[in-house]
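Below: the structure, in structure tokens.
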Amino acid sequence: MSKQINFTIVPDEPGDSGRPVREYANFCAVAHTAFDLTLTFCDVQPLTEQDVRQAEQSQVVKAPVVARIALPFAVVPGLITALQEQLKAFQEAPPQQDPNTWPKGPVN
């Protein structure tokens, strides 16, 4: 006979470094296979003159990949819901004086 339990999964931050690794991304490419959804996060920097000249020729701007995450489709609906809830909380929150504070904790 199996026993059912309820639990919450929380991020386990690394203990030795003092601060968890945090990467900044301002672009996300989305792709999928028959098995999963892949999110590729990039940090697009301001373009140099050389970047602009190359983009004029190739119609492509390359950006460094900071993270690539493959997700099974079973977690995608929950991720979409969590993102929508965070966006709503952000839009409804009063402006913050300190940009390092966030009005609400994680919602998932």
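Every read-out reported here was derived from the displayed coordinates using simple, explicitly stated rules and does not represent laboratory data. Computed from a predicted model, the values in this text were never measured in an experiment.
Amide H contacts under 5 Å for residue 43: 26, 66, restricted to partners 5 or more places along the chain or on a different chain, H placed in the peptide plane at 1.01 Å from N.
Here the Karplus relation 6.51 cos²θ - 1.76 cosθ + 1.60, evaluated at θ = phi - 60°, turns the backbone of segment 78-86 into coupling constants of x, 5, 4, 4, 4, 5, 5, 5, 5 Hz, with x for every Gly and Pro.
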